[in-house]
Amino acid sequence: MPIFHVVVVRSGPEWDRSRPMEEQTGWRAHAAFMDALVDDGFIILGGPLADERRVVHIIEAESEEAIRARLATDPWSGTHLVVDSIDPWTIRLDGRRR
């Protein structure tokens, strides 16, 4: 049964801190990959944190292994982005149901 996970990724060794996200090498391929994850319902929410070096995703998946396997196919995996942590998340409050 799918559960929610909080996934934190950070900038990898090829991330150029002098450029915005949209100007990083391979941006179009990465953006298309991420859009497909949203369209598939894999990523529920996601976006960069204020430090602009980390990104948080809320992902619905069976396991940490399933998440790692799917994110490993990102064109930026290991180069521009590195998975920092994956934690199961129990939602106890949800204002979206109103």
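The values are calculated or read from the model by the stated rules, or taken from the named source; none is laboratory data. Here the structure is a predicted model, which means the values were calculated and not measured. When we count neighbours, we look across all protein chains shown, and the Cβ atoms used for this are built from the backbone with ideal geometry, even at glycine. Heads up: the accessible areas ignore ligands, DNA and RNA and are worked out on the full protein's heavy atoms, side chains in. Shrake-Rupley method; radii C 1.70, N 1.55, O 1.52, S 1.80 Å.
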Item to check | Residues of the chain: accessible area per residue with a 1.4 Å probe, Å² | outcome: 67 Å²
Item to check | Inter-label distance, nm, simple model (7 Å from Cα along the C-beta direction), Trp27/Ile58 | outcome: 2.7 nm
Item to check | Charged-residue dipole, Cβ positions (Lys, Arg, Asp, Glu), the chain about Cα centre, Debye nearest 20 | outcome: 320 debye
Checklist entry - Using a Gaussian network for the chain with springs between C-alpha atoms less than 10 Å apart, which of these wobbles most: Arg17, Arg68, Arg53? => result Arg17
Checklist outcome for this item: What helix-only [θ] at 222 nm does the chain give? Using -39500 (n - 2.57) per DSSP H run of at least 4, over all residues, to the nearest 500, the answer is -6500 deg cm²/dmol
Checklist entry - Rounded to the nearest 0.05, what FRET efficiency is calculated for Leu45 and Ser18 with R0 set to 35 Å and r the Cβ-Cβ distance? => result 0.80
Checklist outcome for this item: Which of (1) 47, 33, 28; (2) 41, 27, 23; (3) 56, 29, 19 gives Cα extents along the principal axes in Å as computed here? It is (2)
